[in-house]
Amino acid sequence: MKKSVQRHGKVDLTFAAPPSKSFTHRALIAGTLASGKTTIFRPLDAEDTRLTATALRRLGVAIVEQPNRLIITGCNGAFRDKNPTTLDLDNSGTSLRLLTTLALLCNNPVILTGSARMQERPIGPLAEALPALGGTAEFQNQPGYPPLKVSGKLRGGPVEIDGSVSSQFISSILMAAPYAEKEIEVTIPLPPASASYLDITLSVMEAFGAKVTRHGYERFAVSNDHKYKGRRYTIEGDYSSASYFFAIAALCGGKVTVTKLAPDSVQGDRRFLDALALMGCTVTYGKDEATVEGTGTLRGITFDMSASPDTVQTLCMVAARASTPTTITGISHLKFKESDRINGTAERLRALGGDVSVDDDSITICPAPLHGGTIDPENDHRTAMSFAILGLAVGGIEITGAECVNKSFPGFWDAMKGLIP
C-alpha cells in the first residue's frame, strides 16, 4: 500500500490516543500468570500484541476476545504445555524478549524465534543471565541472537544483567519473578536503555499484586510471596502514538488536542511534549488530554531522549523544520530496533534535502530546504508514521509499504483521513 502526503496548512484537530502497546503486552503477561480471571479493557489490537496473545495461547492459556476487551483465565504461574513448543514472534521484539524468561515456567523446552530482522536483534545478555536463575538458553543459529531454545526451571536467586541494549531484558526477568522458587534480586551494572519502560513494567506488576523493592534503576528485588491476582485492568493511552498527532501542530501550525492520555503517566515518551515546548510550542494539559499549539518558528534544541526511544524519529521530523540545529542524544540502542533507526532516519532525511550527521549516540539535524520524495520504511512502522507527518509540512512525500503501521497503530491512516487521503 502507498500513501501520498501533500502539504497542509494550519490545523485545529482532536484525536483519541490509541491504547498503549507497552502496557497491553505486560497486562497480557500478568493476567496470564495470575490466579483467577482478568479482564483487560481497551487493549491495543495490533500485530505485536496479537503475537503475544497468540504465543500465550500456544502455551495453554485461555484468552477470549470480546469487543474492546480481553478475558484471560490465569494459569497461576504454571503453564499447561504438554510438548516442546516453538513460538514465532515474527517482528515483535517486545514479545520475544518478555516471553523468554516466562519459558522457564513451562513444562517443556520452548524455542523462541522470529523474522529475519528479529534474528539480527541481540538477546545475548538475557540468555546469559538465565543460568543464574535455573535455566539454560541454547542459540539455534548465531550466538547471541534468536532463535534460542529455553529450558529449565525458574529457581530464582541473585542475577546480574546488562540492560544497556534493551531494558526489555530486565523486564523479562522481573515479570516472571513472582513465580520463582525463591526471591529474585536483579542487579544492573550499567544504566539501562529506555529505563522508563521499567517503570511501566513495575506499574503493571504492582497493579496485579506483585511486591517489588527497588534502588533506582540499579537493583530490584521481587518477592515470590506476592503473586499476581486476576483483576479488571484498563489500558491507558499511548504517548508514543500520540506524538505523531502532536507533531502535526508543531509542523503545520495551529492546535492539536489528544484525549485518553494520563497526564501523570510513567511513559517515558511523554517527554516528547517537553521537547516541543522547548522548541517553541505551547503545551497544556487537561484531566485526560494534552494540547499542543504551534506558535510560529521552531527553534532547535539539545535533548536527551534515552528514556523516550519511540518518539525520537518524530522529534527528528520536527527538528528538520527548525530554524537552528537540533541534537538528540541517548539513542545508541535505536540501532537494534525494527531497523537501524539512527542511520535509517538520517539517510531518508538526506534524500529529502536534509542536513544530518550522526555518531554512536546522537543525531544532529541542521536547517536545510526540504523537498518531496519516496520513503520506503522497510517495514518499520515508526519510520512510516514519522515521515508521513513530515510530509504534511513539506508536501510531495510518498510512503511505500504503508501497511507496516499495523504493527503498533492499525488505525493510523484512518485517523489521518482528513489530512492524508
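The values are calculated or read from the model by the stated rules, or taken from the named source; none is laboratory data. Keep in mind it's a predicted model, so treat the numbers as computed, not measured. Neighbour counts are summed over all protein chains in view; Cβ atoms, including those assigned to glycine, are modelled from backbone coordinates with ideal geometry. What goes into the accessible areas is simple: the full protein's heavy atoms, side chains included, and nothing from ligands, DNA or RNA. Shrake-Rupley method; radii C 1.70, N 1.55, O 1.52, S 1.80 Å.
Before moving on, here are some points about what is shown:
- When residues in the stretch 335-345 are screened for being open to solvent by less than 20 Å² (accessible area, probe 1.4 Å) and either modelled with pLDDT of 95 or more or among the polar types (S, T, N, Q) (or both), 2 of them pass.
- Here is the figure for the stretch 246-300: residues that are part of a helix (DSSP H, G or I) and hydrophobic (A, V, I, L, M, F, W, C) total 13.
- Residue match in the stretch 293-300 (condition: small (Gly, Ala, Ser) and open to solvent by less than 10 Å² (accessible area, probe 1.4 Å)): no
- The listed residue being over 14 Å from Ala247 (Cβ atoms), among the aliphatic types (A, V, I, L, M), touching a residue at least 60 places away in the same chain (Cβ under 8 Å) and in contact with a strand residue (DSSP E or B) (Cβ under 9 Å, 6 or more places away or on another chain), out of Ala351, Ala402: Ala402
- Criterion: open to solvent by less than 50 Å² (accessible area, probe 1.4 Å), under 29 Å from Ala116 (Cα atoms) and modelled with pLDDT under 95 - qualifying residue of Ser362, Ser386: Ser362
- Pick from the stretch 188-200, criterion touching a helix residue (DSSP H, G or I) at 6+ places or on another chain (Cβ under 8 Å) and in a loop (DSSP other than H, G, I, E, B), ranking: surrounded by the fewest Cβ atoms within 10 Å (Cβ to Cβ): Ala195
- Considering residues of the stretch 160-187 that are open to solvent by 10 Å² or more (accessible area, probe 1.4 Å) and without any contact (Cβ under 8 Å) to a residue 40 or more places away in the chain only, the residue nearest to the chain's Cα centre (by Cα): Asp162
- Filtered residues of the stretch 99-141 (kept if acidic (Asp, Glu) and modelled with pLDDT under 95): Glu120
- Some residue of the stretch 229-243 being open to solvent by 40 Å² or more (accessible area, probe 1.4 Å), in a loop (DSSP other than H, G, I, E, B), in contact (Cβ under 8 Å) with a residue 24 or more places away in the chain and not aliphatic (A, V, I, L, M): yes
- Within the stretch 283-308, the residues that satisfy the criterion of being touching a Phe, Trp or Tyr at 6+ places or on another chain (Cβ under 9 Å) and either on the phi > 0 side of the Ramachandran plot or of a type in the set (Gly, Ala, Ser) (or both) are Ala290, Ala307, Ser308.
- Failed criterion for Leu392 (all others in (1) within 20 Å of the chain's Cα centre (by Cα); (2) buried (at least 22 other Cβ atoms within 10 Å of the Cβ) hold): (1)
- Condition check for Leu28: within 20 Å of Ser171 (Cα to Cα), at pLDDT 95 or above, open to solvent by less than 10 Å² (accessible area, probe 1.4 Å) and more than 20 Å from the chain's Cα centre (by Cα): no
- Some residue of the stretch 261-279 being out of contact with any Ser or Thr (no Cβ under 6 Å at 6 or more places or on another chain) and touching a residue at least 60 places away in the same chain (Cβ under 8 Å): yes
- Candidates in the stretch 5-25 are the residues that are surrounded by fewer than 16 Cβ atoms within 10 Å (Cβ to Cβ) and polar (S, T, N, Q); of these, the one that is farthest from Gly74 (Cα to Cα) is Gln6.
- Hey, Ser223 open to solvent by less than 30 Å² (accessible area, probe 1.4 Å), touching a strand residue (DSSP E or B) at 6+ places or on another chain (Cβ under 8 Å) and farther than 16 Å from Ala132 by Cβ or not: yes
- Failed condition for Ile40, given (1) surrounded by fewer than 21 Cβ atoms within 10 Å (Cβ to Cβ); (2) in contact with a helix residue (DSSP H, G or I) (Cβ under 8 Å, 6 or more places away or on another chain); (3) β-branched (Val, Ile, Thr); (4) touching a residue at least 60 places away in the same chain (Cβ under 8 Å): (1)
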